[in-house]
Amino acid sequence: MDHHQPLLSLASSSAGRISGKGWKSKKSATVRSHLPNGVKTKSWAARMEQTKKTLAIKKLEQELKDEKQAEINRRLEITRERRKAAEERQRLEQEKAKMGARKAARMRRKMGRTKKING
């Protein structure tokens, strides 16, 4: 092996050396593969048409969501009303039973049928 011949050829530059940084030496157009579809289209009118379609779809989706939520809320309200009415009925029943017991006790006392007398 000849010691006078260099193993690697060095690229020359005006200062006698080049940067070892790959991103500095490579000069090419930027590859932009992750652009949104709206930006990739060429004409302004086509982009505006796509934007209108997208907005219309979003509006429709939102209306459907709102309608579904309104139906859920309506059902919940009906259930709450039923539960409230049932609780009110039970409360009135308990009040009625309590008042009935008090009245029965009053009547027993009036008639003299207490535990002391009739055992």
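The values are calculated or read from the model by the stated rules, or taken from the named source; none is laboratory data. Computed from a prediction, not measured in an experiment: that's the story for all the values here. When we count neighbours, we look across all protein chains shown, and the Cβ atoms used for this are built from the backbone with ideal geometry, even at glycine. Side chains are part of the model used for accessible areas, which takes the heavy atoms of the whole protein and leaves out ligands, DNA and RNA. Shrake-Rupley method; radii C 1.70, N 1.55, O 1.52, S 1.80 Å.
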**Complete:** Filtering segment 67-119 for residues that are assigned to a helix (DSSP H, G or I), modelled with pLDDT under 90 and open to solvent by less than 80 Å² (accessible area, probe 1.4 Å) leaves a count of 6
**Asked** From the residues in segment 41-58 that are assigned to a helix (DSSP H, G or I) and surrounded by fewer than 10 Cβ atoms within 10 Å (Cβ to Cβ), which one is modelled with the highest pLDDT?
**Response** ALA45
**Flag if GLU63 is among the charged types (D, E, K, R), surrounded by 10 or more Cβ atoms within 10 Å (Cβ to Cβ) and at pLDDT below 90** = no
